[in-house]
1. Which one is modelled with the lowest pLDDT, of the residues in the range 47-65 that are within 17 Å of ASN176 (Cα to Cα) and of a type in the set (Val, Ile, Thr)?
2. For the structure I just gave you, tell me whether SER96 is farther than 22 Å from ALA173 by Cβ and either among the hydroxyl-bearing types (Ser, Thr, Tyr) or modelled with pLDDT of 95 or more (or both).
3. Among LYS181, LYS143, which is surrounded by fewer than 18 Cβ atoms within 10 Å (Cβ to Cβ), within 24 Å of ALA80 (Cβ to Cβ) and touching a strand residue (DSSP E or B) at 6+ places or on another chain (Cβ under 8 Å)?
4. Quick one: is GLY75 within 16 Å of ligand 2 (Cβ to nearest atom) and either closer than 16 Å to ILE107 by Cα or without any contact (Cβ under 8 Å) to a residue 40 or more places away in the chain (or both)?
5. Filter the helices (runs of 4 or more DSSP H) completely within the range 93-204 down to those with at least 2 residues that are closer than 24 Å to GLU65 by Cα and among the polar types (S, T, N, Q).
Amino acid sequence: MSTSGTAADSGNNGATKDNQDYGFEYDILFKLVLIGDSGVGKSNLLTRFTANEFNIDSKSTIGVEFANRIVQIEGKKIKAQIWDTAGQERYRAITSAYYRGAMGALIVYDITKSKSYENCSDWLKELKENADSNIVIGLIGNKSDLAHNRSVPTEEARNFAKENQLLFTETSALENDNVEKAFEELITAIYNIYKKHQANIDIGQDSQSNSNTNGAGINPNGKSLNTVSLKDQKTKKSSSSNCC
Ligand SMILES: Nc1nc2c(ncn2[C@@H]2O[C@H](COP(=O)(O)OP(=O)(O)OP(=O)(O)O)[C@@H](O)[C@H]2O)c(=O)[nH]1
Ligand SMILES: [Mg+2]
């Protein structure tokens, strides 16, 4: 996968940055969501990935923000539209709109805060209750630069991820360590499902197919792919505005 750092645009304030691609051309749109306790670094992971920015004094997110980045896989331009919400309890009411249409999610915890890791089961439950059942999910242990204050062992989190069929990465938004990898793995996993789905549609069309070739695929979580959500995901060319 190659990523384009020049095509990010932010939903934070409706503004775009000078070095951005104003064409916003893309072939496929993937909506991703970031969830996890307040203060774990969701917003900084987002700004690191979409604008290569980090803010040591970032304020708690109010409501929902989003930013985009174009990544390329196999020559296809994929617009990753990444939604970032407040981890604070009082903002939880917005969930259904937040999760609607999401094809991937990153559940973030802080490796120095065991409570934020323990709460990942609740975040996972919330995803299962609100998001598409076939959403691809990654678990992120952020703030790996603070390893001297670590309270969540890597192996414990890795096992939790394995048991729940989640992707897993430890990241540092501060040091820009593994941030690309975390997002790229998620986007690639979604893309592979998308590709399989497309191939199955082609096979289905070629052979006047029946229910065995109806486009269902398997995601990394081992579940069958919800074809409706992928069919609903528009394949677009040339858009001049953020779409959400
Ligand atoms: N050391 C270190 N600090 C980080 C890292 N990522 C974020 N932070 C700091 O952690 C604090 C919270 O970061 P945010 O990105 O605002 O956290 P959030 O998860 O978006 O929080 P809410 O919006 O309240 O849900 C800020 O002071 C950041 O500078 C990291 O990788 N390492
Ligand atoms: Mg935030």
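1. The residue in question is ILE56.
2. Criteria met by SER96.
3. LYS181
4. no
5. By residue number, 95-99, 120-130.
The values are calculated or read from the model by the stated rules, or taken from the named source; none is laboratory data. Owing to the predicted nature of the structure, the values given are computational and were not obtained by experimental measurement. For neighbour counting, all protein chains shown are included, and Cβ atoms are generated from backbone atoms with ideal geometry for every residue, glycine included.
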